[in-house]
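Only one structure is covered here, and it is reproduced in the block below.
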Amino acid sequence: MKVGSNILTKNDGLNLDALGSISRQICWMIDGGLEVLLVSSGAMAAGMKKLGLSRRPDEIPKRQAISAVGQAGLMREYEKAFERHHKQVAQLLLTSDGLSNRKRYLNARNTLHTLLSWGVVPIINENDTVSVEEIKFGDNDNLSAMITLLMNADILINLTDIDGLHTKDPRTHPDAELIQVVSSIGKSIERLASDIPGALGTGGMSSKIMAAKKVTSAGIPMIIAKGDNPDVLVNIFSGEEPGTFFVPKKQKLANRKCWIGFNLRPKGLLRIDPGAARAVLRRGKSLLPSGIVGVEGEFDVGAAVAFKNGESETLGTGLVNYSSKDIRKIMGAQTREIEARLGQKTYDEVIHRDNLAITGECAV
């Protein structure tokens with residue numbers, strides 16, 4: 001579950017009523033037999049109130065310092081709220097490079113599983129005190145998607161100040177209609193989100209759609225719902241249908257493929273022909289050199305590399321068995337020709353299907 005700062009904060013700091021309501025509902029869910037992980041914003045607002053600041057400073061070190069102050073206050077309020085319902089909480093602060101490293105990725109997952117087995121509620125945030133551009137998740141919408149994939153969760157619920165995806169900006173268009181179900185996330189859905197101006201379009205609805213695209217492509221559904229409804233979670237788990245529901249793909253990605261597809265930053269790009277795209281997407285085949293028509297970037301054996309069908313969207317990411325230099329020599333070749341071109345053949349496949357994650361929606 002992800003709760004945005006627009007729900008947890010108000011002009012003078014944290015919105016303790018909203019924080020208490022969400023904590024109460026999470027405890028109700030846990031008492032009903034569910035396991036809940038919470039990705040929570042709000043550290044910056046809490047820090048600004050404690051320090052008596054009226055606006056966010058522009059300097060990154062100052063913002064990081066404010067977050068450090070505010071995170072302590074945020075966790076104190078969560079502790080107090082959950083203690084009222086006899087629940088304990090734990091804090092986890094993460095950076096994206098921590099999840100791109102396979103060992104640390106598994107360590108984070110093991111820690112979260114242990115906390116859940118103890119009945120402790122993990123409260124997760126980005127480590128703003130050290131995060132810089134190279135290691136930022138981007139926003140907590142993306143972080144919540146990464147945690148959902150990390151834990152192979154059954155659903156991601158994103159609570160915000162709007163009750164879902166609309167046909168227009170509902171704040172300025174009274175005739176805007178709620179889209180209750182999104183069966184697939186294509187360009188038209190992405191445009192709907194980006195066309196909504198203001199906060200909803202910059203790190204708001206657009207980033208939520210990108211989060212939904214990640215988790216649904218891995219076979220996990222997502223809901224966007226209005227978080228200031230005091231019983232929104234109770235309503236959802238009682239069978240009501242508030243907000244927008246994003247339908248997942250039928251088959252879940254294996255945990256390791258989620259790590260490859262969504263945690264690793266591609267070092268390069270392979271362009272593949274339509275026949276290779278069909279083999280990979282529809283028949284679950286490995287990527288062979290014969291289907292590669294272009295190589296971009298410089299990378300070594302074992303690197304994460306994205307692949308596209310011509311000029312279309314990225315179809316997925318995989319770990320390559322050959323360097324970019326060698327792939328350029330063998331692209332378009334049959335597997336029996338690899339040894340003649342390279343002087344040796346270590347693999348038939350450029351990317352084996354076990355090391356390949358399909359993440360795109362493009363039809364071929």
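Each value in this text was obtained by applying a stated rule to the coordinates, not by laboratory testing. It should be emphasised that the depicted structure is a prediction, and the values quoted were computed from it without experimental measurement. Note that each Cβ is placed from the backbone with ideal geometry, even for glycine, and that neighbours are counted across all protein chains shown.
Taking only the alpha carbons of the chain, we obtain Rg and Dmax values of 22.2, 71 Å in that order. The angle separating the long axis of helix 102-117 from the principal Cα axis of greatest extent in the chain is about 40 degrees. If I take every Cα pair under 8 Å that is 6 or more residues apart in the chain, average their sequence separation and divide by the length, what percent do I get for the relative contact order? Relative contact order for the chain comes out at 14 percent.
Full extension of the chain between residue 117 and residue 161 yields a length gain of 12.7 nm, computed as 0.36 nm times the residue separation minus the alpha carbon distance. Helix 140-150 and the long axis of the chain differ in direction by around 60°, with both axes built from C-alpha atoms. With contributions of -39500 (n - 2.57) from each DSSP H run of at least four residues, the per-residue ellipticity at 222 nm computed over the chain stands at -11500 deg cm²/dmol.
As a rough footprinting exposure proxy, the listed residues 144, 40, 184 were ranked by other beta carbons within 10 Å of their own, and the order from fewest upward is 184, 40, 144. Rounded, prolate or oblate, given the Cα gyration tensor of the stretch 23-83, with a/c below 1.5 counting as rounded? Cα axes put the stretch 23-83 in the prolate bin.
If I model the stretch 1-115 as equal point scatterers sitting on the Cα atoms and use the Debye formula, what is log10 I(q)/I(0) at q = 0.18 Å⁻¹? Calculated log10 I(q)/I(0) at the listed q: -1.01. Taking label positions 7 Å along the Cα-Cβ direction at both residue 240 and residue 339, the computed distance is 6.8 nm, reported to one decimal. Between residue 83 and residue 106, the modelled labels are 3.8 nm apart [label points 7 Å from Cα along Cα→Cβ].
Its residues counted as N, the stretch 266-358 yields a C-alpha radius of gyration over 2.2 N^0.38 Å of 0.94.
Looking at the P(r) of the stretch 217-296, how many percent of alpha-carbon pairs lie beyond 22 Å? The proportion of pairs with Cα distances above 22 Å equals 51 percent.
Can you give me the angle between helix 205-217 and the longest principal axis of the chain, using Cα atoms only, in degrees from 0 to 90, rounded to the nearest 10? Compared with the principal axis, the helix lies near 50 degrees.
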